[in-house]
Amino acid sequence: AQSVTQPDIHITVSEGASLELRCNYSYGATPYLFWYVQSPGQGLQLLLKYFSGDTLVQGIKGFEAEFKRSQSSFNLRKPSVHWSDAAEYFCAVGPLQGAQKLVFGQGTRLTINP
Amino acid sequence: DAGVTQSPTHLIKTRGQQVTLRCSPKSGHDTVSWYQQALGQGPQFIFQYYEEEERQRGNFPDRFSGHQFPNYSSELNVNALLLGDSALYLCASGLGQVNNSPLHFGNGTRLTVT
C-alpha cells in the first residue's frame, strides 16, 4: 500500500531558527517525492521534488530535502525560517510517469514565533 | 503565463443537489487531475483525465464524475451531494506523457454543503 506519514501535525519555531519537517513514505516502486506548501485559502505550491540523483535536493524559498532510501524518509529542512514561512506543508509520493496520482501526507502546520 | 485556474472560488450547495466545478490547466499542459481536501487533511486523489478520457481513479463513488474538453480544460461533477462532500477541491495539471513532470495546482474551489 502506498502511504505517506508526517508525524508532526503542528510545529512551532522561532523566527531565525532552523527547521526540519519529517516525512516517511511507503511505496512499491521507485518513488517520485515532493514537498508542497499551502498558505491559508490557497492551492499547493511546489517547493521541491526528487526522483533520482543527488539525495540532497534544493528547492525554492531556501528549502532543501534529503532522500534516505534506507529509512524511507524525505525530510524537509531550512536553516533559518522567516515569518512568511508560516503555512501548511505536505509531503507527497507518486509514480515517475506523469506523477498525476499523488498520495499526500496529512500535513504539518508550521507556526513561526516572532 | 497563466497557471491553473479554477472556478468558482467558493460555492454553497444544499444536500442532494448537484455541482459542477471547472478547471483550466496551465498553458502547455495536457493532463488534469482532481483532488479533494477535507479540512485538516491532505489532498486525496479523485481522478485524472488525459486525452479526454478518465485514466486513473481514486477511491471515490460514482457520484463523482468528470470530463475533459479538447482544449484540455476539465469539469468535476458531483451528484447527490452529501454533507461530507464539503471540502476544498483542487485541480492540478501536468504533462501526461512526460516522465518526471510535476503537478501544478490551482487555488481550489471551496464547496460547502448544507
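Since every read-out is calculated from the coordinates, none of them should be taken as a lab result. Because the structure is predicted, anything quoted here is derived from the model rather than measured. With ideal geometry, Cβ positions are generated from the backbone for all residues, glycine too; neighbour counts draw on all protein chains shown.
What the table shows:
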| quantity | calculated |
| --- | --- |
| Simple spin-label estimate for A:ILE60 and B:THR112 in nanometres, 7 Å along Cα-Cβ | 3.0 |
| Student exercise, the protein assembly as shown dipole from Lys, Arg, Asp, Glu Cβ charges, in Debye to nearest 20 | 320 |
| Whole-number D in µm² s⁻¹ for chain B, Kirkwood Cα-pair radius fed into Stokes-Einstein, 10 °C, 1.306 mPa s | 113 |
| Note, ³J(HN,Hα) from phi for segment B:52-64, Karplus 6.51, -1.76, 1.60, rounded to Hz, x at Gly and Pro | 6, 10, 6, 9, 9, 9, x, 8, 10, x, 5, 4, 9 |
| Pairs beyond 21 Å (Cα-Cα), from A:LYS49/B:LYS26; A:LYS101/B:LYS26; A:LYS101/B:LYS13; A:LYS49/A:LYS101 | A:LYS101/B:LYS13 |
| Range in chain B, longest, excluding exposed trypsin sites (Lys or Arg not before Pro) [loop by DSSP; at most 14 other beta-carbon atoms within 10 Å] | B:64-114 |
